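The values are calculated or read from the model by the stated rules, or taken from the named source; none is laboratory data. Please read these numbers as outputs of a predicted model, since none were measured by experiment. With ideal geometry, Cβ positions are generated from the backbone for all residues, glycine too; neighbour counts draw on all protein chains shown.
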Amino acid sequence: MSDATTPILEVQNLTLKFGGLTALDDVSFGIKEGEILGLIGPNGAGKTTCFNAVTGVYRPTSGDIRFQGRSLTGVKRYRITQLGIARTFQNIRLFPSMTALENVLVGADAQHKTGMFSALFRLPRHRAEERDGHERAMELLRFMGIHKRADELAANLSYGDQRRLEIARAMATGPKLICLDEPAAGFNPQEKVQLMELIRKVRDRGFTVLLIEHDMRLVMGVTDRIVVLEFGRLIAEGTPAEIRDNPAVIAAYLGVDEEDAS
Amino acid sequence: MNKLKALPKPVKLAFWVLLAILAYALPILEPPIISTPGVDFGGVLFVVTMYCLIALGLNIVVGYAGLLDLGYVGFYAVGAYTAAILTSFHANWPLLLSLPFAVAATTIAGLILGAPTLRVRGDYLAIVTLGFGEIIRLVAVNTEWLGDRRGISNIARPPSVMTGEDGGVVVGEAEPGLKGIFEIPHLYWGDGTVLVDTEDTTQFLVFGVLDQIPYYWLGLTVVLLVLLADYLIKNSRVGRAWEATREDEDAAELMGVPTFKFKLLAFATGAFIGGLAGALFASRQSFINPDSFLLLFSILFLAAVVVGGQGNRWGVLVGAFLVAYLPQRFRDFDDFRVLVFGAALVALAILRPEGLFPPRRTVRAKQMEHELEVLETGHDDGEEAARV
């Protein structure tokens with residue numbers, strides 16, 4: 001919270017092409033520290049591609065992504081996570097045959113350094129990091145309300161708990177920015193409300209949140225600002241109220257009548 | 001197993017210690033049924049420990065990190081050849097000095113093989129490692145410096161501890177005139193009676209030509225040490241990173257696991273253990289040639305891991321025992337034993353596809369699956385339950 005005006009993450013003229021397909025075309029936006037930014041758009045607008053570019057899965061064709069002033073181009077994926085960007089996945093990707101606790105521990109290990117040697121001889125570093133990791137992991141599971149299922153295999157958790165576990169695992173990596181890729185997919189309205197609460201609580205713990213979501217009510221209800229993508233281009237940016245009344249956004253989501261289109 | 005877990009700690013500890021003592025005493029006890037008629041029991045047990053060692057090493061690569069390695073015998077060969085060269089063929093080092101070099105050479109071989117090949121996944125990795133195993137053997141066949149087809153003999157034995165002529169303790173090569181610091185009589189199982197056979201004794205810690213029991217003790221000790229190390233590493237950041245990589249490599253990478261580094265580490269650790277086994281094997285055999293490292297052995301090693309239950313260290317030990325021991329025990333069947341062995345493997349693949357002792361997790365997941373199935377269908381599928 002040192003300087004609320006400098007963005008924690010800056011996406012600058014990001015362009016991403018897959019062969020002839022332009023998935024992202026000259027997209028620029030920033031996320032301020034401590035805010036919840038919604039990234040919305042119709043299917044195929046390039047939201048997840050944008051996520052993948054930020055977390056290092058795709059290399060930008062041109063443009064740059066800067067995290068806390070540092071360019072992420074060419075930085076290894078695990079290194080980006082260690083620097084402080086964590087994510088969840090649109091289709092859940094837990095480690096299915098590890099327990100819930102172990103899943104979160106893997107996340108916590110991102111900030112740890114224990115290697116073969118310390119583990120083999122149970123050096124103080126191993127002990128300290130194990131203790132720290134377990135405490136953090138259990139705390140996060142409690143925060144997510146799934147601590148009673150800590151020893152359950154991830155594959156055996158219910159769908160909602162798996163989604164919650166993914167968020168816990170992402171938070172365990174000690175991020176500053178946490179990217180949630182459609183966390184409400186498959187949730188019923190009541191669960192969505194709970195999730196909204198949860199996202200706010202995540203932010204209140206000091207995380208900056210980048211949220212991809214389809215459900216308009218959820219996005220409008222929880223975000224501070226919204227960025228709208230359509231066909232890989234940024235078509236609007238602003239507060240939820242501004243976005244709601246933006247004609248371009250309405251057109252993108254509802255389509256335009258042939259007669260009005262001209 | 002669950003009952004065992006519920007016992008208080010000292011009882012558990014006592015149980016394990018007792019089990020270890022029993023394991024050490026096994027070749028002395030020579031229990032009927034278990035002991036192998038027609039083949040030296042100590043020698044069979046030594047081979048069993050080597051298979052156990054290899055299974056533990058391969059389990060780290062295949063079971064923990066999920067990297068299918070079909071050329072594990074290559075590492076075994078590198079370890080054996082390094083020890084052979086250093087102690088007999090090109091130098092005259094004592095075995096204990098050559099061991100660190102043997103494992104270092106194998107670990108480096110693992111790194112050299114892993115660095116380029118661990119970028120490919122799944123089946124491709126299997127093919128590359130398969131090639132590696134064969135390449136190592138063919139290099140040995142065609143290189144005079146490595147003794148080509150004729151192999152290398154007179155590989156050094158571990159130092160024996162003996163009583164010298166003046167009554168003091170001597171450490172060094174076993175010599176015909178010298179005896180161990182004490183001797184242990186074997187048991188003799190007659191018709192319904194058990195006798196202590198004072199004629200048939202094992203010299204304590206004399207690594208000679210005939211009695212293989214001291215080698216077995218050495219092998220067993222190494223297995224126990226590796227088992228302990230395996231436990232310590234598995235329950236740490238390293239073990240979790242391996243498992244996460246096995247489960248979902250991309251997700252692991254995005255959760256901050258440097259997957260390539262950890263895969264390479266798994267490969268190197270596996271190679272280390274394989275090399276150690278190879279060097280010990282070479283020392284015991286005293287002679288190696290390229291035929292000791294056929295592709296068949298890679299397959300047998302992998303069979304040990306898969307039969308036992310990859311990912312479970314106790315399972316793979318059982319698997320190693322079965323793969324190494326059964327063919328020796330049933331030598332009477334002669335040529336048929338391979339057929340029987342193959343049939344047993346097929347039966348196992350049908351009845352217990354996860355191996356005899358799958359990791360506890362798989363068991364628990366299956367139980368959960370079964371419970372859900374019962375809830376959904378409303379009836380208990382008897383055969384399914386028996387299998388779990």
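For segment A:121-169, which residues satisfy the criterion of being more than 8 Å from chain B (Cβ to nearest Cβ), hydrophobic (A, V, I, L, M, F, W, C) and surrounded by 20 or more Cβ atoms within 10 Å (Cβ to Cβ)?
A:137, A:140, A:141, A:144, A:146, A:154, A:157, A:165, A:167, A:168
Got a sec? Which helices (runs of 4 or more DSSP H) wholly within segment B:249-313 have at least 1 residues that are under 30 Å from residue A:166 (Cα atoms)? Write out each step before concluding.
Numbers: elements: B:249-254, B:259-285, B:295-308.
Output list reads B:249-254, B:259-285.
Among the numbered conditions (1) more than 21 Å from residue B:216 (Cα to Cα); (2) touching a strand residue (DSSP E or B) at 6+ places or on another chain (Cβ under 6 Å); (3) loosely packed, with under 12 Cβ neighbours inside 10 Å; (4) not hydroxyl-bearing (Ser, Thr, Tyr), tell me where residue B:171 comes up short.
The one condition residue B:171 does not meet is (1).
Among the listed residues B:21, B:28, identify the single one that is out of contact with any helix residue (DSSP H, G or I) (no Cβ under 8 Å at 6 or more places or on another chain), over 17 Å from residue B:321 (Cα atoms) and either modelled with pLDDT under 95 or of a type in the set (Val, Ile, Thr) (or both). Steps first, please.
On the way: B:28 fails: out of contact with any helix residue (DSSP H, G or I) (no Cβ under 8 Å at 6 or more places or on another chain).
Answer to the selection: B:21.
Which one of these is facing chain A (nearest Cβ under 9 Å) and among the small types (Gly, Ala, Ser): B:271, B:244? Steps first, please.
Values: B:271 fails: facing chain A (nearest Cβ under 9 Å).
Just a single option satisfies the conditions, and that option is B:244.
What number of residues within segment B:67-94 are within 20 Å of the chain's Cα centre (by Cα) and surrounded by fewer than 22 Cβ atoms within 10 Å (Cβ to Cβ)?
Residues that pass the stated criteria total 1.
Which of the following residues is touching a Ser or Thr at 6+ places or on another chain (Cβ under 7 Å), farther than 17 Å from residue B:125 by Cα and in contact (Cβ under 8 Å) with a residue 60 or more places away in the chain: B:293, B:272, B:281? Walk me through it before giving the result.
Values: B:293 fails: touching a Ser or Thr at 6+ places or on another chain (Cβ under 7 Å); B:281 fails: touching a Ser or Thr at 6+ places or on another chain (Cβ under 7 Å).
Just a single option satisfies the conditions, and that option is B:272.
Six or more apart or on different chains, Cβ under 9 Å: which pairs go from a residue in segment A:80-97 that's over 23 Å from residue A:161 (Cβ atoms) and more than 7 Å from chain B (Cβ to nearest Cβ) to one that's in a loop (DSSP other than H, G, I, E, B) and among the hydroxyl-bearing types (Ser, Thr, Tyr)? Could you list them?
A:80/A:55; A:84/A:173; A:85/A:55; A:85/A:173
Here are B:31, B:27: which of them is farther than 16 Å from residue B:320 by Cβ and buried (at least 24 other Cβ atoms within 10 Å of the Cβ)? Explain how you work it out, then say what you get.
Values: B:31 fails: buried (at least 24 other Cβ atoms within 10 Å of the Cβ).
Testing whether each residue is farther than 16 Å from residue B:320 by Cβ and buried (at least 24 other Cβ atoms within 10 Å of the Cβ) leaves just B:27.
Using the structure shown, decide if residue B:265 is within 11 Å of another protein chain (Cβ to nearest Cβ) and surrounded by fewer than 24 Cβ atoms within 10 Å (Cβ to Cβ). Spell out how you get there, then give the answer.
Working: within 11 Å of another protein chain (Cβ to nearest Cβ): yes; surrounded by fewer than 24 Cβ atoms within 10 Å (Cβ to Cβ): yes.
In short, yes.
Can you tell me which residue in segment B:212-262 is surrounded by the fewest Cβ atoms within 10 Å (Cβ to Cβ), limited to those that are farther than 30 Å from residue B:180 by Cβ and aromatic (Phe, Trp, Tyr)?
Pass one, segment B:212-262, residues farther than 30 Å from residue B:180 by Cβ: B:230-262.
When the remaining residues are screened for being aromatic (Phe, Trp, Tyr), the result is B:231, B:242, B:260, B:262.
Details: B:231: 12, B:242: 27, B:260: 17, B:262: 26.
Taking the candidates together, the pick is B:231.
Going by the conditions given, is residue A:161 more than 18 Å from residue B:239 (Cα to Cα) and of a type in the set (Asp, Glu)?
yes
Since residue A:103 meets every condition but one in (1) within 10 Å of chain B (Cβ to nearest Cβ); (2) over 21 Å from residue A:182 (Cβ atoms), which condition does it not meet?
(2)
May I ask you to list the residues in segment A:210-245 that are assigned to a strand (DSSP E or B), touching a Lys or Arg at 6+ places or on another chain (Cβ under 8 Å) and surrounded by 21 or more Cβ atoms within 10 Å (Cβ to Cβ)?
A:212, A:229
Okay, residues lined up against (1) polar (S, T, N, Q); (2) within 14 Å of chain B (Cβ to nearest Cβ); (3) surrounded by 19 or more Cβ atoms within 10 Å (Cβ to Cβ); (4) closer than 17 Å to residue A:55 by Cβ:
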{"position": "A:173", "(1), (2), (3), (4)": "yes, yes, yes, yes"}
{"position": "A:191", "(1), (2), (3), (4)": "no, no, no, no"}
{"position": "A:195", "(1), (2), (3), (4)": "no, no, yes, no"}
{"position": "A:199", "(1), (2), (3), (4)": "no, no, yes, no"}
{"position": "A:205", "(1), (2), (3), (4)": "no, no, no, no"}
{"position": "A:208", "(1), (2), (3), (4)": "yes, no, yes, yes"}
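In segment A:106-120, how many are more than 8 Å from chain B (Cβ to nearest Cβ) and closer than 11 Å to residue B:240 by Cβ?
1
Residues in segment A:162-176: is at least one among the polar types (S, T, N, Q) and out of contact with any strand residue (DSSP E or B) (no Cβ under 7 Å at 6 or more places or on another chain)? Steps first, answer last, please.
Let us first name the residues in segment A:162-176 that are among the polar types (S, T, N, Q), namely A:162, A:173.
If we keep only those that are out of contact with any strand residue (DSSP E or B) (no Cβ under 7 Å at 6 or more places or on another chain) as well, we get A:162.
Looking for residues that are among the polar types (S, T, N, Q) and out of contact with any strand residue (DSSP E or B) (no Cβ under 7 Å at 6 or more places or on another chain), one finds at least one in segment A:162-176, hence yes.
Can you find a residue that is on the phi < 0 side of the Ramachandran plot, out of contact with any helix residue (DSSP H, G or I) (no Cβ under 6 Å at 6 or more places or on another chain) and of a type in the set (Phe, Trp, Tyr) anywhere in segment B:253-265?
Looking through segment B:253-265, at least one residue is on the phi < 0 side of the Ramachandran plot, out of contact with any helix residue (DSSP H, G or I) (no Cβ under 6 Å at 6 or more places or on another chain) and of a type in the set (Phe, Trp, Tyr).
Out of all the residues in segment A:48-74, which are charged (D, E, K, R) and touching a strand residue (DSSP E or B) at 6+ places or on another chain (Cβ under 6 Å)?
Here is the first cut: in segment A:48-74, the residues charged (D, E, K, R) are A:59, A:64, A:66, A:70.
Within segment A:48-74, A:64, A:66 meet the criteria.
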